[in-house]
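The values are calculated or read from the model by the stated rules, or taken from the named source; none is laboratory data. Just so it is clear, the model here is predicted, and its values are computed rather than measured. Reconstructed Cβ throughout: ideal geometry from the backbone, glycine too, with neighbour counts over all protein chains shown. Calculation scope for accessible area: heavy atoms of the full protein, side chains included, ligands and nucleic acids excluded. Shrake-Rupley method; radii C 1.70, N 1.55, O 1.52, S 1.80 Å.
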Amino acid sequence: MKDAEMNKMLGRTLAFSSSFAMLTAAPVLAQDGTSQFEWEGEIEIGNESVFHSDVAGNEISNTYATISLGATYRFGPGIAAFGTLTAESLTDPVSDRAFKDMGIYVEELGLQFAVGDQVTVSLGKLHPVFGSAWDDTAGFFGGSLAEDYELVEQIGILADVEVMAGGVLSMGAFFADTTVLSESVGFDRGRNQESAGGAGNTGTLDNVAIQWRQEIGDTFYQIGARHLSKGTGDVSDENGILLGLGHNFGDTVGVFAELARFNNFGGGVDDATYATLNGAYYMGPWSFSGTLATRDLDSAGRTDLASVGAEYELGNGMTLGGALAYVDEAGTKNNIIGVNLVIPLGG
């Protein structure tokens, strides 16, 4: 199938999914008694403040809120529609602020199909699988550097294949969202354009990611690779590889490490290396965590992060957390404190 035809098909799918979601307002029970409609979400309210820096202009405080609501509707065996709405600040802070530039956008929207018992295919606006530091690390600053290479808001087709017990092969073809879904309500971030450039912002399905994740008891490892074609004005295609490893020592201690290497990161001139090492100790409702992370870009220099944090799970499911971080960004030293309250919704 040609890219143009595939893009038209994806557009029709997104339009159908959006129309269907508007009709879904309450849980419906299937004949077998299970819920066809399920939703969940999360509200995070927090503050991140640079309280000391070598550069006085870096000493700013950002009070924020992030609200995410996701829903799934099952049409029948093996077929489901899904979507996620997110509200958050859509610009980076340049001075002290509180809840500024808040906008609402569609983070995910599409259809999912089960093919037999081992294969799941998704198409629409998606998050291709490449790495997991933002999910598998503990603490306020655990995945803060690794988030640079997270693949989000992509239009494409993904497949998860259970090759063996505990082993999943995830792969997909995609491009950065340039549809109306890349816009936002409230604070208008504008529509993404191919002319903006950036690796993967090509408008065609010429970007790919593949990852193998294997779980063996309390241990997992993952190996991934990706290719993002250069966009308008870019220097070259981006190619990246990734290795990850995690282990839980019973219910008490968890460790996680992830290493990613990129050539022409983001389509630019820089090669990039990211490394994250994270550990957590759990004691009743308390969890204590530590993180060491680094980001090394050829021309921009190296950023090193060290952080310690603690979280307390309240009886109603909410989590209160806080952390301190020391960040050396190409020789500029910053001390940061972060606190947040996470409120789960639905379920």
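Might you check whether a residue that is under 24 Å from the mean Cα position of the chain (by Cα), of a type in the set (Ser, Thr, Tyr) and modelled with pLDDT under 95 occurs anywhere in the stretch 14-36? Walk me through it before giving the result.
At the first step, the residues of the stretch 14-36 found to be under 24 Å from the mean Cα position of the chain (by Cα) are 14-15, 17-18, 21.
Filter once more, so that each one left must be of a type in the set (Ser, Thr, Tyr): 17-18.
Checking the rest, the ones that are also modelled with pLDDT under 95 come to 17-18.
Yes: the stretch 14-36 contains one or more residues that are under 24 Å from the mean Cα position of the chain (by Cα), of a type in the set (Ser, Thr, Tyr) and modelled with pLDDT under 95.
Yes or no, residue by residue, for (1) open to solvent by 50 Å² or more (accessible area, probe 1.4 Å); (2) among the aliphatic types (A, V, I, L, M); (3) out of contact with any Lys or Arg (no Cβ under 7 Å at 6 or more places or on another chain):
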position: Gly142; (1), (2), (3): no, no, yes
position: Glu147; (1), (2), (3): yes, no, yes
position: Leu151; (1), (2), (3): no, yes, yes
position: Ile155; (1), (2), (3): no, yes, no
position: Met164; (1), (2), (3): yes, yes, yes
position: Gly172; (1), (2), (3): no, no, yes
position: Ser184; (1), (2), (3): no, no, yes
position: Ile210; (1), (2), (3): yes, yes, yes
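Can you pull out the residues in the stretch 309-323 that are open to solvent by less than 90 Å² (accessible area, probe 1.4 Å) and either more than 23 Å from Gly41 (Cβ to Cβ) or under 22 Å from the mean Cα position of the chain (by Cα) (or both)? Spell out how you get there, then give the answer.
Pass one, the stretch 309-323, residues open to solvent by less than 90 Å² (accessible area, probe 1.4 Å): 309-312, 314, 317-319, 321-323.
Gly309, Ala310, Glu311, Met318, Thr319, Gly321, Gly322, Ala323 - these are the residues of the stretch 309-323 that are open to solvent by less than 90 Å² (accessible area, probe 1.4 Å) and either more than 23 Å from Gly41 (Cβ to Cβ) or under 22 Å from the mean Cα position of the chain (by Cα) (or both).
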Next item on the list: Out of Asp188, Asp135, Asp160, report the one residue that is surrounded by 16 or more Cβ atoms within 10 Å (Cβ to Cβ) and of a type in the set (Asp, Glu).
Entry: Asp160
Next item on the list: Taking the options Tyr274, Tyr281, Tyr312, name whichever one is among the aromatic types (Phe, Trp, Tyr), in a strand (DSSP E or B), under 20 Å from Ser132 (Cα atoms) and touching a Phe, Trp or Tyr at 6+ places or on another chain (Cβ under 6 Å).
Entry: Tyr281
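Within the stretch 165-219, track down each residue that is among the acidic types (Asp, Glu) and under 20 Å from Asn264 (Cβ atoms).
Step one: of the stretch 165-219, the residues among the acidic types (Asp, Glu) are 177, 183, 188, 194, 206, 215, 218.
The answer is Glu194, Asp206.
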Next item on the list: Sort out which residues of the stretch 315-347 are touching a strand residue (DSSP E or B) at 6+ places or on another chain (Cβ under 6 Å), assigned to a strand (DSSP E or B) and more than 30 Å from Thr84 (Cα to Cα), and write them in order of number.
Entry: Leu324, Ala325, Tyr326, Val327, Asp328, Glu329, Asn334, Asn335, Ile336
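Yes/no per residue for (1) loosely packed, with under 15 Cβ neighbours inside 10 Å; (2) modelled with pLDDT of 95 or more; (3) farther than 24 Å from Ser132 by Cβ; (4) not aromatic (Phe, Trp, Tyr):
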| site | (1), (2), (3), (4) |
| --- | --- |
| Gly197 | no, yes, yes, yes |
| Asn207 | no, yes, no, yes |
| Arg213 | no, yes, no, yes |
| Thr232 | yes, yes, yes, yes |
| Val253 | yes, yes, no, yes |
Note to self: Just to verify a result, which residue in the stretch 173-197, among those that are within 18 Å of Gly231 (Cβ to Cβ) and among the small types (Gly, Ala, Ser), is farthest from the chain's Cα centre (by Cα)?
What the structure shows: Ser195
Notebook entry, point to check: Inside the stretch 69-109, can you point out the residues that are modelled with pLDDT of 95 or more, open to solvent by 50 Å² or more (accessible area, probe 1.4 Å) and of a type in the set (Phe, Trp, Tyr)?
Noted result: Phe99
